[in-house]
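The block underneath contains the structure these notes are about, expressed in C-alpha cells.
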C-alpha cells in the first residue's frame, strides 16, 4: 500500500495559438486567452500516470491537490476519472501571482492537513513558468527526501526507486518513504478515462479549501519578487537560396552554410 | 383430377400430402423459430413508430420492387431480372396456394377445374414462367460467365442451388400443366404453353392412363421440390425472402445522417463487444442480406485496398451469431447471461480493428443495399466499444484533443477569430440582434487553407446585405468527429454545451459551410433538445442568387466538376442545389464524373478519418482525384472543408497543381460576383 499525493497545476494551454498569447505588463502575468480552456500541466499529468501505475501494482490511495485563484473543475475532475481517489482544490482569489516558495508552502500546508502519505508526486516543472522548484521546496519544508526529473518511478516496501535523468543517461536512486519525486514525461502519457469512469467521476464530490482553511497568510510570504515580465521581440530573416534544379539549390545552401561557418 | 385424392399402394394421397407437408413445414418452422430466438438475443430497440407509414413503404419497396429498381443503371441491370423473378414467383406462390393447397391438399378437387379462372390464371403463370426462366438464365450467365465484380467471392454453390431449384419449379410447372390438360383431353389454346404442350402430347397418341400417371408423378415431384425449397430457404441466403420484408418495414425513421445516442446513464458497457450487444434490428439485418455484393463493390475503403468490406462485415457477424447464438440461448435468463461471450472475440477475431477504423461513414453501402441494411450503425457500435470502453489508442489522441481544446485541430496556430480580422464581423457576444448565425466550424476557422472559405462566405453574406453574426471564441466543435470516432460521451458534452450557448443567444437560424456541422446541428442536436433551422452555405448562396442579392457577372472560363460531399449528398439528399450554383457561373463548363450524386466517391475524410492515419492500400482521396482528372476538369468544386483538405493534399501528391485546382463553391462564387 502506497498512499500518494499528486500536485497538479492548472496552466494556460501550451498548445494555444501563439497569436492569442498576451502579457499584462502591469499585473506582470500572462492573460488567459479567450476561447482556449486551461489544461493540466503536462508533466503533472505524467506524475499522475506514475501514481496510477504504482496504485495498480501496490494499491493505495491517490489524492490530487491543485492550487489557484479560479480553478476549472471539469479538467481537474479528469484526474478522478483516470484513477485518483480524491480531489482537493485549494481555491482562493488570494492564491495568485505566487513565487515558487509561496506555492510550495501552501501546498505543503495542505499536505500536512491531509496527514498520512507515503509518496508525493509532482511534475518536474510547470509548463508556464518552467521553474521546477516547487517540488524540492515542498520536500524541504516537510523535511523529506526528494528526487527530481524521474524517468521511472517504482514504490513499495517503504522505499521508492527512481531512475533519474542526467544529461548523458540516468542514475538509479533508492530512498525511503515518505519522499517526494518529480516526474518527467518518460514515466508515461496520462491514460484517457473510459466513458464509464468519466460519467461516474462527474458525480463524485470535491473538497475545496480556502486560505483560512489552511491558516495561511500568503501575501506575507514571498521570497522572490517578479520585476518584469515581457515577450521578447523576435525578428527572423529568411533568405531563400535558389538554384536551377533542386540539386543545385541544395548545393548552394550547403555552400552558404559553410560560408557563414555554420557547418 | 387431383392427385391427393387418389391412393398409392393403399396409402391415401391426402395422408402423403400432409405428412410431407408436416415434415417440411416442421423443418422450416424449427429453423425460423431458432433464427427468431437468436435475433431476440439482441438489445431492445424501438422501431415501431408510424406503423402505417412503415407498412406502406414496405409494400412499395418490396412488392413494387423499388428496392432493386432503384439501383438499375446502364452498368447493372440485374435489378430488372430480380423484379421479374419476384413478381413472377409471387404469382406462382398464389398459384401454389390455390391449386396445390386448396384444390389439392384441402380436397376441393373440382375447384376451378376447366373454368375460366383456371384458364386465365394458368395463362398468367405461363407468361410469368417465361419471364422467370429468362431472368434465371440471365442470372446464371451473369454469375457464372460474365462474373461481375460484385459477385466475385460469393457462395456460388448455394446460389447455383437456388437458381436450379427455381428453374426446376418452372420446368415442372409446364410439365404438370401439359400432362394435366393432356390427360383431361382438353384441347386448349390458352394457357399458351400448357395448351401447346398438351396438344403435342395428345398428338403423340399416348394412352390416357399413362398421361394421368405421368401427370401425377410430375405433380408430386413438383410438390416435393416446393417443399424442399421451403426447407432450404431459412438455411441459405434465400432467408432474405423472409427477412427483407420486416427489415424494410423496420428501417430507421430518424434522419439519415443521425446516429442514435448512447445512453450514458447506463454505464455497464458502451457499444458492442459481444454479438448480443447489438439490437434485434441490427441482427435482423444479418438475415436480410442477399449477398448481392453491391455494398462491397461501391465501398471506397474496399476499393482502395482496406480490409473492410460491408458485405463481409454483415456475413461474418451472421456466421458468428449462428455459431455462438445457441450457447447464448442456453444461458439466457441466468445471471451471467449479459456478459456471456463464448466463441471468437467479436472485436479482433470476427471483425478486425483495421476493418472497424477503415470506414469513412460515407453511406454508399446503405444507399445501394436492396435489403435496406444499415451497416454504419454496427461499425459505430464497434467503435463506441473501442473508444469508450477499451480506450483504443487509435482514437485516444484525437478524442482527448477535442475534449480538452474544444476542436480537433491540434497544433493550429490560429485563434477562432483570426480568419475574420479586418472583415468587420460582429460576434453574438457583442451584438446578438442578428437574423442569422454563421457557424464557421473548426476546420474553416483554424486551418490555413480553409480559412479562405470562411472569408469568402463572410464576404458574400456581407455583399448580399445579410444581417449575420458569428460565435467567435465561444464556438467549439459541433462534436461530429468525436461521435464518428465512437466517443459519444465527448460528443454529448459538446452538443449540450453548444445547445445551451445557442439557446442563450436565442439563435433560430444557422448557416454553415461544413456538411458535417450542417448534419450534426440539423439532424443530431434535436436528440438533445436543440432545434434550429440549419442551412448549408450552398443552399443559402443559391437562394441569394435567385433573389438577385448576389449577381454572378465575372466569367470563369474553366472546366469544373462538382464533387458530391457524402454528408451533404447521401446523408442529406442535397445534390442539385450546389450544381445550380456552379452552372450559373458565366463561361464555366460543367462536367460530371461517372460516380456522382448518390454514387459519388468519398474523399476519405469522413467518419473521423481526417484524424487517423491511412496506412493500408491506396489513398482514397487520390483515387477520387484520378476520377477528376479522367473527366479533364480544371477545377474540382467542393462544398465541404474535409473534401477541400483531402483534395489539396491529393493534388500535391499527384503533382497535378499545374493543371488542377480545388475550390469551395463559396470561393468560386466570390470570384464571380460584383464587388
(request) Could you tell me whether any residue of the range B:110-117 is assigned to a helix (DSSP H, G or I) and either without any contact (Cβ under 8 Å) to a residue 40 or more places away in the chain or under 30 Å from residue B:299 (Cβ atoms) (or both)? (result) yes
(message) Looking only at the range A:156-184, filter to residues that are touching a helix residue (DSSP H, G or I) at 6+ places or on another chain (Cβ under 6 Å) and at pLDDT 95 or above; which one of those is nearest to residue A:142 (Cα to Cα)?
(response) A:180
(request) Within the range B:526-538, work out how many residues are assigned to a helix (DSSP H, G or I), within 18 Å of residue B:503 (Cβ to Cβ) and in contact with a helix residue (DSSP H, G or I) (Cβ under 6 Å, 6 or more places away or on another chain). (result) 1
(message) Can you go through A:191, A:223 and tell me which one is within 30 Å of residue A:123 (Cβ to Cβ), assigned to a loop (DSSP other than H, G, I, E, B) and within 14 Å of another protein chain (Cβ to nearest Cβ)?
(response) A:191
(message) Restricting to the range B:236-292, count the residues that are away from every other protein chain (no Cβ under 14 Å) and either out of contact with any helix residue (DSSP H, G or I) (no Cβ under 9 Å at 6 or more places or on another chain) or not in a loop (DSSP other than H, G, I, E, B) (or both).
(response) 26
(request) Can you tell me which residue within the range B:405-423, out of those that are assigned to a helix (DSSP H, G or I) and surrounded by 17 or more Cβ atoms within 10 Å (Cβ to Cβ), is nearest to the other protein chains (Cβ to nearest Cβ)? (result) B:405
(request) Could you please give the count of residues in the range B:562-592 that are within 22 Å of the chain's Cα centre (by Cα) and part of a loop (DSSP other than H, G, I, E, B)? (result) 13
(message) Take the conditions more than 30 Å from residue B:65 (Cβ to Cβ) and either modelled with pLDDT of 90 or more or buried (at least 17 other Cβ atoms within 10 Å of the Cβ) (or both) and apply them to residue B:237. Does it pass?
(response) no
(request) Test each condition in (1) more than 32 Å from the chain's Cα centre (by Cα); (2) at pLDDT below 95; (3) in a loop (DSSP other than H, G, I, E, B) for residue B:473 and report the one that comes out false. (result) (3)
(request) Identify the single condition in (1) in contact with a helix residue (DSSP H, G or I) (Cβ under 6 Å, 6 or more places away or on another chain); (2) within 14 Å of another protein chain (Cβ to nearest Cβ); (3) buried (at least 22 other Cβ atoms within 10 Å of the Cβ) that residue B:386 does not satisfy, given that it satisfies every other one. (result) (1)
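Here's the yes/no breakdown for (1) crowded, with 23+ Cβ neighbours inside 10 Å; (2) more than 29 Å from residue A:223 (Cα to Cα); (3) more than 12 Å from every other protein chain (Cβ to nearest Cβ):
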| residue | (1), (2), (3) |
| --- | --- |
| A:22 | no, no, no |
| A:38 | no, no, no |
| A:52 | no, yes, yes |
| A:60 | no, yes, yes |
| A:81 | no, yes, no |
| A:92 | no, no, yes |
| A:102 | no, no, yes |
| A:105 | no, no, yes |
| A:119 | yes, no, yes |
(request) Output the residues belonging to the range A:149-193 that are closer than 18 Å to residue A:130 by Cβ, under 14 Å from the mean Cα position of the chain (by Cα) and surrounded by fewer than 17 Cβ atoms within 10 Å (Cβ to Cβ). (result) A:185, A:186
(request) Could you pull out the residue among B:464, B:495, B:482 that is surrounded by fewer than 20 Cβ atoms within 10 Å (Cβ to Cβ) and touching a helix residue (DSSP H, G or I) at 6+ places or on another chain (Cβ under 6 Å)? (result) B:464
(request) For the range B:401-419, indicate whether the set of residues that are in the same structural domain as residue B:532 (by TED's automatic domain parsing) and in contact (Cβ under 8 Å) with a residue 60 or more places away in the chain is non-empty. (result) no
(message) Residue under question is residue B:133, and the condition is that it be surrounded by fewer than 16 Cβ atoms within 10 Å (Cβ to Cβ) and out of contact with any strand residue (DSSP E or B) (no Cβ under 8 Å at 6 or more places or on another chain); does it hold?
(response) no
(request) For residue B:426, work out the one condition from (1) surrounded by 22 or more Cβ atoms within 10 Å (Cβ to Cβ); (2) in the same structural domain as residue B:442 (by TED's automatic domain parsing) it doesn't fulfil. (result) (1)
(request) Could you identify the single residue in B:529, B:487, B:472 that is buried (at least 19 other Cβ atoms within 10 Å of the Cβ), free of Cβ contacts under 8 Å to residues at least 60 places away in the same chain and not assigned by TED's automatic domain parsing to the domain that holds residue B:660? (result) B:472
(request) Only one of these is in the same structural domain as residue A:140 (by TED's automatic domain parsing) and out of contact with any strand residue (DSSP E or B) (no Cβ under 6 Å at 6 or more places or on another chain): A:204, A:159. Name it. (result) A:204
(message) Of everything in the range A:194-212, what is away from chain B (no Cβ under 14 Å) and in contact with a helix residue (DSSP H, G or I) (Cβ under 8 Å, 6 or more places away or on another chain)? Give them in sequence order.
(response) A:206, A:209, A:211
(request) Could you check the range B:1-76 for helices (runs of 4 or more DSSP H) lying wholly inside it with 2 or more residues that are modelled with pLDDT of 95 or more, touching a strand residue (DSSP E or B) at 6+ places or on another chain (Cβ under 9 Å) and not assigned by TED's automatic domain parsing to the domain that holds residue B:227? (result) none
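Residues are listed down the side, and each one gets a yes or a no for (1) under 30 Å from residue B:394 (Cα atoms); (2) under 36 Å from the mean Cα position of the chain (by Cα); (3) part of a helix (DSSP H, G or I):
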| site | (1), (2), (3) |
| --- | --- |
| B:437 | no, yes, no |
| B:448 | yes, yes, no |
| B:457 | no, yes, yes |
| B:461 | no, no, yes |
| B:494 | yes, yes, yes |
| B:498 | yes, yes, yes |
(request) Only one of these is within 29 Å of residue B:564 (Cβ to Cβ), at pLDDT 95 or above and away from every other protein chain (no Cβ under 14 Å): B:353, B:374. Name it. (result) B:374
(request) Answer yes if at least one residue in the range B:176-187 is buried (at least 17 other Cβ atoms within 10 Å of the Cβ), in contact with a helix residue (DSSP H, G or I) (Cβ under 8 Å, 6 or more places away or on another chain), on the phi < 0 side of the Ramachandran plot and without any contact (Cβ under 8 Å) to a residue 24 or more places away in the chain, and no otherwise. (result) yes
(message) Is it the case, given these coordinates, that residue B:614 is closer than 26 Å to residue B:361 by Cβ and surrounded by fewer than 21 Cβ atoms within 10 Å (Cβ to Cβ)?
(response) yes
(request) Quick one: which residue in A:98, A:43 is more than 14 Å from chain B (Cβ to nearest Cβ) and either at pLDDT below 95 or more than 16 Å from residue A:8 (Cα to Cα) (or both)? (result) A:98
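The values are calculated or read from the model by the stated rules, or taken from the named source; none is laboratory data. Because the structure is a prediction, the values reported are computed rather than measured. Note that each Cβ is placed from the backbone with ideal geometry, even for glycine, and that neighbours are counted across all protein chains shown.
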